[in-house]
Amino acid sequence: MQDTEIQNLIEQEAERQQDTLMLIPSENYASKAVRDAVGSVLANKYSEGYAGRRYYEGNEAIDEIELLAIDRAKKLFGVPHANVQPYSGSPANSEILFALAEPGSTIMGLALSSGGHLTHGHPRVTFSGKYYNSIQFGLTPDAKIDYADMRAKALEHKPKVIFFGTTAYPFILDWEQARKIADSVGAYLVADVSHIVGLIIAGVHPSPVPYAHVVMSTTHKTLRGPRGAIILVTDEGLKKDPDLAKKIDSAVMPGMQGGPHNNTIAGIAISLLLAGQSDFTEYGHKVVDNAQVLSKSLQDKGITIVGGGTENHLLVMDFSSDSEGGGTLVAAALNAAGIVTNRNTVPSDTNPFYPSGVRIGTPAVTTRGMGEHEMRKIAEWIAEVVEIVKSEKLPVAKEERQNYIKDFRARMQANGRIHIIRNLVRDLCAQFPVPGGN
Ligand code: DSN
């Protein structure tokens with residue numbers, strides 16, 4: 001039996017991925033080998049437990065796959081322990097908290113509007129902000145991590161766990177400072193390197209392994225693996241707490257998860273193998289070079305970039321001076337032009353639903369083989385779309401906004417200038433086929 005409805009939608013999505021510029025910094029193209037593993041018979045198997053200690057029979061090959069993934073992770077990052085079972089980043093962070101803290105414990109992380117992540121203690125609406133006493137630190141006026149704020153809040157609130165990691169922050173993280181702050185209050189330092197893991201492996205960014213007690217990462221962003229996550233326990237972590245590896249494993253299973261996704265774990269193993277090869281180093285450097293060219297070209301066109309530049313794979317364009325919610329409109333108009341981004345808060349934003357920024361990044365377009373010439377073209381197209389959007393304003397009345405945005409999307413689809421850019425984007429994409437095909 002073939003489900004043509006779903007098959008057609010998969011084909012539609014494959015076409016979209018081929019014909020558009022994937023500039024969402026957390027997205028990438030997994031290799032064909034990774035995708036084959038994810039769609040393989042491994043998905044049929046239950047294997048609760050860990051290698052050699054399963055509750056289900058028939059896990060001979062599964063054990064070897066998981067041990068290979070663990071071994072590759074340990075070697076690639078230089079750590080004594082790795083858990084490759086977390087279903088994805090948010091489950092991994094909840095598992096880390098389950099291992100290191102108790103409900104009500106004080107935890108600390110970078111605020112979402114400053115480029116942090118929901119699971120790092122975003123108040124009220126997330127498990128990490130609701131079940132823990134969450135303290136959030138922020139940025140300096142020049143949009144850099146405010147280490148003084150981080151230190152002062154740590155000393156005042158004595159967190160048990162400090163998450164240090166970002167999702168929309170363009171500069172290099174100072175792991176040594178973060179560790180000193182954690183040590184000043186005896187906290188666990190957890191490095192969330194989900195966004196920059198590929199840059200760390202490529203040696204473009206410093207590794208947190210010598211400083212953090214626990215390092216976690218998703219596996220589908222700059223690592224180019226399947227959607228999943230890994231949790232690493234470092235030598236520093238074991239020095240602080242000899243039971244740390246055991247605590248993490250128990251928190252993953254049975255603490256928060258049941259059977260691991262063996263197909264995903266095989267995909268993670270493949271992506272770790274590929275990331276250890278020399279062309280991945282080149283990839284990491286190119287990702288950053290491309291982001292810097294994109295950032296400079298956009299600024300040359302008069303677009304404000306949060307922090308004034310980038311040292312990693314992403315940047316956030318800031319339209320807060322244009323109108324409230326400017327990022328929402330720009331992202332929708334860019335999508336009509338085949339340039340796919342996400343709306344994002346900028347540090348001055350108070351309304352995450354209609355933010356003023358648009359986050360863009362270069363991991364996926366770099367995987368396709370695009371370089372500086374293409375980044376300049378993309379910047380030109382973005383600037384032209386921004387110009388088209390300038391005369392638009394979100395209604396002040398919140399209840400009118402959804403309808404306005406719907407109508408705005410239709411108008412952007414029909415806009416002649418957008419249509420021209422859409423065709424240019426399609427032509428460019430045709431020159432850089434998606435790796436591994438559709
Ligand atoms: N959703 C991811 C991102 O886009 O950065 C983080 O979890």
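Numbers at a glance
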{"quantity": "Residue check for Arg72: surrounded by fewer than 20 Cβ atoms within 10 Å (Cβ to Cβ) and in contact with a helix residue (DSSP H, G or I) (Cβ under 7 Å, 6 or more places away or on another chain)", "calculated": "no"}
{"quantity": "Residues of segment 210-254 satisfying the condition of being open to solvent by 50 Å² or more (accessible area, probe 1.4 Å), part of a helix (DSSP H, G or I) and not acidic (Asp, Glu)", "calculated": "Leu238, Lys239, Lys240, Lys246, Lys247, Ser250, Pro254"}
{"quantity": "One residue from Pro86, Pro103 being in a loop (DSSP other than H, G, I, E, B) and open to solvent by less than 40 Å² (accessible area, probe 1.4 Å)", "calculated": "Pro86"}
{"quantity": "Hey, Gly52 over 20 Å from Ile270 (Cβ atoms), out of contact with any Phe, Trp or Tyr (no Cβ under 6 Å at 6 or more places or on another chain) and of a type in the set (Gly, Ala, Ser) or not", "calculated": "yes"}
{"quantity": "Test: residue in segment 120-140 that is in contact (Cβ under 8 Å) with a residue 60 or more places away in the chain and within 16 Å of the ligand (Cβ to nearest atom)", "calculated": "yes"}
{"quantity": "Residues within segment 255-313 that are open to solvent by 20 Å² or more (accessible area, probe 1.4 Å), small (Gly, Ala, Ser) and under 24 Å from Ser348 (Cβ atoms), tallied", "calculated": "3"}
{"quantity": "Given (1) within 16 Å of the ligand (Cβ to nearest atom); (2) under 30 Å from Ala43 (Cα atoms); (3) of a type in the set (Gly, Ala, Ser), index of the condition Gly116 fails", "calculated": "(2)"}
{"quantity": "All positions within segment 126-174 that are under 20 Å from His195 (Cβ atoms), in a helix (DSSP H, G or I) and open to solvent by 10 Å² or more (accessible area, probe 1.4 Å)", "calculated": "Tyr147"}
{"quantity": "Qualifying residues in segment 182-209 (those that are surrounded by fewer than 24 Cβ atoms within 10 Å (Cβ to Cβ), among the hydrophobic types (A, V, I, L, M, F, W, C) and in contact with a Leu (Cβ under 8 Å, 6 or more places away or on another chain)) - the one farthest from Ile145 (Cα to Cα)", "calculated": "Ile201"}
{"quantity": "Test: residue in segment 20-39 that is outside any loop (DSSP other than H, G, I, E, B) and within 16 Å of the ligand (Cβ to nearest atom)", "calculated": "yes"}
{"quantity": "Filtered residues of segment 89-100 (kept if open to solvent by 10 Å² or more (accessible area, probe 1.4 Å) and either away from the ligand (no atom under 13 Å from the Cβ) or without any contact (Cβ under 8 Å) to a residue 12 or more places away in the chain (or both))", "calculated": "Phe98, Ala99"}
{"quantity": "Yes/no for Leu238 being out of contact with any strand residue (DSSP E or B) (no Cβ under 6 Å at 6 or more places or on another chain), more than 16 Å from the ligand (Cβ to nearest atom) and modelled with pLDDT of 95 or more", "calculated": "yes"}
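The values are calculated or read from the model by the stated rules, or taken from the named source; none is laboratory data. Everything quoted here is computed from the prediction, not taken from an experiment. Neighbour counts run over all protein chains shown; Cβ positions are idealised from the backbone, glycine included. We work out accessible area using only protein heavy atoms, side chains counted, and drop any ligands, DNA or RNA first. Shrake-Rupley method; radii C 1.70, N 1.55, O 1.52, S 1.80 Å.
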